[in-house]
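Below is one structure, written out as structure tokens; comments come after it.
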Amino acid sequence: MAIPNGTKFHGVAPQVPTQNRGSAQLNSLRDVYTFPDDFAAGIYSYSGAIINIGAGNTNPFNGDTVEWGGITSPTDQCSVLMFPEQVIIKSVYFKMTQPNQPSVDMDYVFNFYTSNDLEADPMNAGTWTQLGSLVNGIDGTVGATHGFIEDTISLNLIVPAGSMLAMAGIEQAGSFASNTTEAIIGLVAVASS
């Protein structure tokens, strides 16, 4: 059940009875909730970075890996997220940290991958399953610190509980003027039954 905003609580131990023993009028003002069953599903928010954005089509996943955990060698390693429950990715955020003009108007694609095998090889995309893609246009504007935030619910990007999630950004039909620029990445995921 949804708990209305502003609801106040008095916590009691599980063995304490919660039957309302007041008048019908007072009882109508009381509801019993059980933690965590009656509380909102988990919401997860992560931020990371792409270093050397547009540095080339390198493994893993033939793109620029999002560095969630501070790994600084994206050409041969993979930084992943794991969730304790099944989630759906609700939104993705992208923002360059400094101006970087693309050579042409282009699409920047985030590919999402999952694997339930903790031994999955980050150099071998075949050991992962592509979950989906998010495509966003970036124009060739001079001096722009490109960015976007996208609602991804309609993409149905569901990550099973205990699976690894990795993201790789890939430039399409163009290149960035400087491949040493960084971009900040974020995502929000919510529990999904």
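The values are calculated or read from the model by the stated rules, or taken from the named source; none is laboratory data. These numbers were taken from a predicted model, which means no experiment stands behind them. Here Cβ is always computed from backbone atoms with ideal geometry, including for glycine, and neighbour counts include all displayed protein chains.
Before moving on, here are some points about what is shown:
- Residue that is farthest from the chain's Cα centre (by Cα) [pool: residues in the stretch 111-134 that are within 14 Å of residue 63 (Cα to Cα) and at pLDDT 90 or above]: 130
- Criterion violated by residue 138 - all others in (1) more than 23 Å from residue 85 (Cα to Cα); (2) loosely packed, with under 13 Cβ neighbours inside 10 Å; (3) over 17 Å from the mean Cα position of the chain (by Cα) satisfied: (2)
- For the stretch 58-76, the candidate set comprises residues that are over 15 Å from residue 48 (Cα atoms) and modelled with pLDDT under 80; within that set, the residue that is surrounded by the most Cβ atoms within 10 Å (Cβ to Cβ) is 60.
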